[in-house]
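The values are calculated or read from the model by the stated rules, or taken from the named source; none is laboratory data. Computed from a prediction, not measured in an experiment: that's the story for all the values here. Cβ placement follows ideal geometry from the backbone for every residue including glycine, while neighbour counts extend to all protein chains displayed.
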Amino acid sequence: MATYYAPTASAEYIFYISLVSQSTGLFQASPTLASGDFKVSMDGAALANLTTLPTNTPSGSVMVKVTLSAAEMAGANITVVCRDAAGAQWTDQQINIHTSPADAVVVSEDGSQAGARCISARDLITRALRLLGVYEAWETPSPEDLSDGLEALNDMLDDWATQQLTSPYIKRTTWTIVSGTAAYTIGDGGTVNIARPTALKQIQFVDTSTDPDTEYPLAYLTDDAYAGLTQKAVTSLYPSAAYYQSDTAVLGRITLWPVPTSSTLLGVVYAPSATPYFDDLSSVICFRPAYVRAMRFNLAVELAPEFDVTPSDGVLHAAADGLANLKRSNIRLSDLSVDLALRPRGRWFNIYTG
C-alpha cells in the first residue's frame, strides 16, 4: 500500500498545476504569469501576493511550478487563488491545502539528536477546541477564538515553568567572575543571559588556571543562611557558597561568598529550562515525545470554562495521563545525600553491614 505525506505546516511546499485556456478550454501552454496573478491566504486571512512568482516549468509546457514559503505555509488551511490579472489568457483557479504538523529530528542542548514533534500554536489550539466539540473537524476557529487560545496556551506554559518536572532539560551556562565582585544578575539581558529560572539546580565555579580546567561545587545558601552571614563582604581567593534570589520578574541575582579575588574563575549554573512560549499563532516549536499530547489535552481543559463547555471524562483522563507521562520522562537521577547530624562519628557508615 502506498504511503502519502501531507504538506507540512510552516515548511516550504512546492507543487505543480496547469492553467486552463479561456479560448480553447484546454491546458494553456507557456502561460503568461505576472505579479498579482497568484495570492495566498492562511486560515481565512487577507490575500497577499506570493513571495515567489510561479514559473512555467519546464519551459514551454503546460506545467506551472508554485512555491509556497515556510511563512506562507504557517496555517492549518492554506488557500491559493490564481487569477489572470490581465484577464485574457487563462481561467480562474483556487487551490486549498490542508497542512499537518511534522515529525522532525532536532538537536538537543547536549548535541544529541532525538525524535520530536513540531507543531504551531494555531494547530495546537485548533485541535484542543475540537476535543471540546467547539469546532468540527472541517471547521477553522475564528481569529478571536484563536487569540484567546494563544493567551490560554501561554498561561498554561507559564504555570508549567514553575514545575521542574515539566522542564525538558537542565541547561549549563557559564559566565566570567570578576575579581572583587560578588553579585551577578541572571535572566534576559543579565550577566548570565538566559531566561530567568524559578530555581537553580546547582551553582559552581571553574578555575581556568589549571590544565585542564577544574570545576568545583558551591554550597547553596538559603535565605536564612545568607541573612545569617555577619561578614558578607569578606574576601577570599575562591568562593565557597552561593545565594540565589529573584530580584524582579525578569532578573534574578546570584551572590558568591566569600567575595572571590581570583581573576581566573568562571561561574557555572545548572538551571531547568522552561517550556518555550509561542510568540504568535504561526510560531512552530519542536518538542520531545509526550509534550504535544500533554499540551493538547491540558489546553482543552484550560479552554473549557471560556467556552462554557464541560470536558469529557476521556479528555480529563488523557490530560492527567499525558502530563504524568511527560513528568515521568523528565525524572532525573540524583545523588543520595545524608545529613551530617545522622552520620556516625569516628567511622564511615556501611549500607551493607550497618
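Hey, which of the strands (runs of 3 or more DSSP E) in segment 170-243, taking only ones fully inside, have at least 3 residues that are touching a Gly at 6+ places or on another chain (Cβ under 9 Å)?
170-176, 183-187, 202-207
Would you call PRO101 modelled with pLDDT under 85 and surrounded by 19 or more Cβ atoms within 10 Å (Cβ to Cβ)?
yes
Just to verify a result, which residue in segment 29-71, among those that are outside any loop (DSSP other than H, G, I, E, B) and modelled with pLDDT under 90, is surrounded by the most Cβ atoms within 10 Å (Cβ to Cβ)?
Ranking the candidates gives MET42 first.
Per-residue answers, yes or no, for (1) surrounded by 20 or more Cβ atoms within 10 Å (Cβ to Cβ); (2) modelled with pLDDT under 95; (3) more than 24 Å from ALA9 (Cβ to Cβ); (4) not assigned by TED's automatic domain parsing to the domain that holds ASN154:
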site: ASP280; (1), (2), (3), (4): no, yes, no, yes
site: ALA290; (1), (2), (3), (4): no, yes, no, no
site: LEU299; (1), (2), (3), (4): yes, no, no, no
site: GLU306; (1), (2), (3), (4): no, yes, yes, no
site: HIS317; (1), (2), (3), (4): no, no, yes, no
site: ASN325; (1), (2), (3), (4): no, yes, yes, no
site: ASP335; (1), (2), (3), (4): no, yes, yes, yes
site: VAL338; (1), (2), (3), (4): no, yes, yes, yes
site: PRO344; (1), (2), (3), (4): no, yes, yes, yes
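Out of all the residues in segment 298-311, which are within 14 Å of ALA128 (Cβ to Cβ) and without any contact (Cβ under 8 Å) to a residue 60 or more places away in the chain?
Across segment 298-311, the qualifying residues are VAL301, PRO305.
Would you mind stating whether TYR238 is in the same structural domain as PRO197 (by TED's automatic domain parsing), farther than 16 Å from ASP123 by Cβ and at pLDDT 95 or above?
When the stated conditions are applied, TYR238 passes them.
Could you count how many residues in segment 313-335 are in contact (Cβ under 8 Å) with a residue 40 or more places away in the chain and among the polar types (S, T, N, Q)?
2
Looking at the structure I just gave you, is LEU218 free of Cβ contacts under 8 Å to residues at least 40 places away in the same chain and not assigned by TED's automatic domain parsing to the domain that holds LEU316?
So LEU218 fits the description; yes.
Only one of ASN325, ASN298 is under 16 Å from ASN154 (Cα atoms) and among the polar types (S, T, N, Q); which?
ASN298
Return the only residue of VAL178, VAL206 being surrounded by 15 or more Cβ atoms within 10 Å (Cβ to Cβ) and aliphatic (A, V, I, L, M).
VAL206
Every residue in segment 244-271 that is part of a loop (DSSP other than H, G, I, E, B) and of a type in the set (Gly, Ala, Ser), please.
Hits for segment 244-271 are ALA249, SER262, SER263.
For every residue, the table says whether it meets (1) under 18 Å from the mean Cα position of the chain (by Cα); (2) surrounded by fewer than 19 Cβ atoms within 10 Å (Cβ to Cβ).
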site: ILE119; (1), (2): yes, no
site: TYR135; (1), (2): no, yes
site: GLU151; (1), (2): yes, yes
site: GLY187; (1), (2): yes, no
site: LEU200; (1), (2): no, yes
site: TYR220; (1), (2): no, yes
site: LEU229; (1), (2): no, yes
